[in-house]
Structures are given as structure tokens and as C-alpha cells.
């Protein structure tokens, strides 16, 4: 009987100890993931920079001239069209 009473008294304290440890683990994991997200966003920004894109394109790709751009007419059933007002 005394052992059950002792267990009943220690159980809430042990549970709160485990819960606080889990909270600290989750905080550390959140901090790690936040830092990883910052690094990935920085890499993405550097990869999408115009200078990097030009380096990858090399001399094969260039901006088209205005005369070489062809505008296709809108398909039937298009909600907005340029020629109708």
C-alpha cells in the first residue's frame, strides 16, 4: 500500500520532467530547422541571381529581339482578351 502511495506521489513529477525534456528537444529541433531553412533560402537566392543564370546560360542563350517575339491570340473561351473592349 505504501509503495502505491509513493508511486502516486512521484508520477506527476516524473511526467512533468519527461514533458519538459521533450519540449526542450522540440525547441532545439525547431532552431536547427530554422537555421537550415535560412541556409537553403540563401542558396536559392544565389542560384537565381541574374549573374549566376547568365553564367549557366553561357553564350548559347540571348534575349530575343522585339521583331522575333510572336504573340499568340487568346484561345476561345478566354475570360480576358486584348482586342475586345
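Since every read-out is calculated from the coordinates, none of them should be taken as a lab result. Just so we're clear, the structure is a prediction, and the values are computed from it rather than from any experiment.
Note the full-extension length gain between residue 27 and residue 46 as 0.36 nm times their separation in residues minus their Cα-Cα distance, in nm to one decimal.
4.0 nm
Write down the Kirkwood hydrodynamic radius of region 1-58, to one decimal in angstroms, obtained as one divided by the mean of 1/r over all alpha carbon pairs.
Working: mean 1/r = 0.0639 Å⁻¹.
Across region 1-58, the inverse of the average 1/r is 15.7 Å.
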